[in-house]
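Visitor: Before I ask anything, let me first share the structure, which is written out below as structure tokens.
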Amino acid sequence: MRKSPLQLALQRVLRNRMAIGGASLLIAITLSCVLLPPLLGLDPNHTQPSLRNEAPSARFIFGTDTLGRDVFARVLVGGRTSLLVGIAATAVSILVGVTYGAVAGFYGGKVDEAMMRLVDFLYGLPYMFLVILIMLMFSETARGDALPVFLALGLVQWLTMARIVRGQVLTLRHQEFVLAAELIGASDARILLRHVLPNVLGIVVVYGTLMVPSVIILESFLSFLGLGVALSWGQLVADGIAVVNPIRSYWWILVWPSLFLGATLLSLNFVGDGLRDALDPKART
């Protein structure tokens, strides 16, 4: 029995050990960040001044910070925030980028020309300048909330997605199945949703997977500038760097969030590479 392209792609993913290993590690980190804090009753903001800067021990397996807060609790709760920021901002980017690129590629002509010139203009502006500008548009009371970060990163990351989708739609626009749908009187919206976009879904999924780690890194950078989320891996890394000094270094405050952040980024890249290889239409085995 002949296997479908989806079944063949799934087989290729399952044979990719790096992708499976990355997915397993990513699932383990995600479940730990989501399930362990409520199950263990962890409070990332509970201060114990008498236990400040405690090294890792049986009581505090990741140690405590300068205010006596449990680093283990802060790393898990911060990881939940970082993962949520990465996924939500990527979802915003995909929604805006796919819609914009699909419309530009489908209608072509002057519509495509005008829409893509806007993309070129935005590409010419400093990337982080746009992100910081959008963040500064929010009031002081909104600083540290997740929503401004979602919007700021999502509304900037969509540019590359729009270009990718627009190129794919331009290729598909004059294919026989699209022309046949037009001949039977299908509306533009139906053609886009039922015939064109499903054929670009593979590349959107792959690029979206690779976009999540870049968004998490950008959020970490914003945390260094004081514009990120109140509690995230990026903020914890910034706090850890602040206590590193030549006299005495409380290494555990920096190492644990950095380790979780690095492992998550590597896992996402392995999964993205595996999906890219599996969904490659030129792949034969």
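We did not get these values from a lab; they are worked out from the coordinates using the rules stated. Computed from a predicted structure; not experimentally measured. Note that each Cβ is placed from the backbone with ideal geometry, even for glycine, and that neighbours are counted across all protein chains shown.
Visitor: Could you tally the net charge around residue 23, taking each other residue with its Cβ under 15 Å from the Cβ of residue 23, Lys/Arg +1 and Asp/Glu -1?
Guide: Result for the neighbourhood of residue 23: +2.
Visitor: OK, next. Determine the equivalent ellipsoid of segment 198-268 by diagonalising the alpha-carbon gyration tensor, then write out the semi-axes as square roots of 5 times the eigenvalues, largest first, rounded to whole Å.
Guide: Values for segment 198-268, descending: 31, 13, 7 Å.
Visitor: A further question on this structure: Over segment 1-120, what relative contact order in percent results from Cα pairs under 8 Å that are six or more residues apart?
Guide: Here the relative contact order equals 16 percent.
Visitor: Using Cα springs under 10 Å in a Gaussian network model of the chain, which residue among 133, 39, 170 shows the largest mean-square fluctuation?
Guide: 39
Visitor: Could you line up 54, 182 from fewest to most neighbouring Cβ atoms inside 10 Å?
Guide: 182, 54
Visitor: Could you list 277, 65, 188 in order of exposure, starting from the residue whose Cβ has the fewest other Cβ atoms within 10 Å?
Guide: If I rank by nearby Cβ atoms, fewest first, I get 188, 277, 65.
Visitor: Could I ask something else about it? Given an 8 Å cut-off on Cα distances and at least 6 residues of separation, report the relative contact order of the chain as a percent.
Guide: 28
Visitor: Can you give the translational diffusion coefficient of the chain in µm²/s, computed by Stokes-Einstein from the Kirkwood radius over Cα pairs at 4 °C and 1.567 mPa s?
Guide: 61
Visitor: Please give the length that would be gained between residue 7 and residue 125 if that part of the chain were fully extended, namely 0.36 nm times their separation in residues minus their C-alpha to C-alpha distance (nm, one decimal).
Guide: Taking 0.36 nm per residue and subtracting the Cα distance, the gain is 38.2 nm.
Visitor: If each of residue 255 and residue 193 carries a label point 7 Å out from its Cα toward its Cβ, how far apart are those two points in nm?
Guide: Going by the 7 Å Cα→Cβ label model, 5.4 nm.
Visitor: Which residues make up the longest stretch of the chain that has no trypsin sites (Lys or Arg not before Pro) in a DSSP loop with at most 16 other Cβ atoms within 10 Å?
Guide: Result for the longest clean stretch: 60-142.
Visitor: Another question about this same structure. Once each part is reduced to its C-alpha centroid, what is the distance from segment 169-201 to segment 61-102 in angstrom?
Guide: When both Cα centres are located, 37 Å separates them.
Visitor: Something else: Please identify the helices of the chain, taking whole runs of DSSP H, that span at least 18 Å along their own axis as judged from the Cα atoms and have a mean Kyte-Doolittle score of 1.0 or higher.
Guide: 17-40, 71-107, 146-172, 201-224
Visitor: Determine the gain in length on full extension of the stretch residue 14-residue 42; use 0.36 nm per residue of separation and subtract their C-alpha separation, reporting nm with one decimal.
Guide: Additional length available on full extension: 6.5 nm.
Visitor: Taking a ≥ b ≥ c as the square roots of the eigenvalues of the Cα gyration tensor of segment 1-128, is the shape rounded (a/c under 1.5), prolate (a/b larger than b/c) or oblate?
Guide: Oblate, since a/c reaches 1.5 and b/c is not below a/b.
Visitor: Residue 95 to residue 24: extension gain in nm, 0.36 nm per residue of separation minus the Cα-Cα distance?
Guide: Gain on stretching residue 95 to residue 24: 22.8 nm.
Visitor: Tell me, 51, 227 in order of fewest to most beta-carbon neighbours within 10 Å?
Guide: With the sparsest Cβ surroundings first, the list reads 51, 227.
Visitor: Between residue 221 and residue 107, take the C-beta separation as r, use R0 = 51 Å, and let me know the FRET efficiency to the nearest 0.05.
Guide: So the FRET efficiency works out to roughly 0.90.
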